[in-house]
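Please read the structure below before turning to the comments.
Values in this text are rule-based calculations from the coordinates and carry no lab data. This is a predicted model, so every value here is computed, not measured. Cβ atoms come from the backbone with ideal geometry, glycine included; neighbour counts cover every protein chain shown.
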Amino acid sequence: AARKLAITEVDLERAEARLEAAEAKVIDLEEQLTVVGANIKTLQVQNDQASQREDSYEETIRDLTNRLKDAENRATEAERTVSKLQKEVDRLEDELLTEKEKYKAISDELDATFAELAGY
């Protein structure tokens, strides 16, 4: 019986040692679980923030795209207006040149007439 008691005590000591090791492992795993949980929460917050930034960027892109289209439309209209105005300037310059030529012809005719009159 003493031998059986000794064997049982050795088995008990081994079981207690395994229990202590297992309890230490449980504590370690619980700490790791806490850290992982905190990391997940942090990642969720970062993901939410990134999603908000992405939404904001998409809204900015839409706004800038609309502004670009508007500016391109205004530029096209301005180019048409410039073309019309340039044609009008060209027409008026041609008309001015014609009127200057008429004026020169009339001036020459008047000079000739005065010269004839002065000759009498």
- prompt: Among V45, A21, A6, which residue has its Cα positioned farthest towards the positive end of the charge dipole of the chain, with +1 placed on the Cβ of Lys and Arg, -1 on the Cβ of Asp and Glu, and the dipole taken about the Cα centre?
  reply: A6
- prompt: Cα convex hull of the chain: how many Å³ per residue?
  reply: 136
field: Tilt relative to the chain, helix 2-119 - C-alpha long axis, 0 to 90 degrees, to 10
entry: 0
message: Mean-square fluctuation check for the chain, GNM, Cα pairs under 10 Å: which of L97, L43, L12 is largest?
response: L12
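Can you give the helix-only mean residue ellipticity at 222 nm for the chain, where every DSSP H stretch with n ≥ 4 adds -39500 (n - 2.57) and the sum goes over all residues, rounded to the nearest 500 deg cm²/dmol? Show your work: numbers first, answer last.
Working: 1 runs with 118 residues, N = 120.
Roughly -38000 deg cm²/dmol at 222 nm, from the helical runs in the chain.
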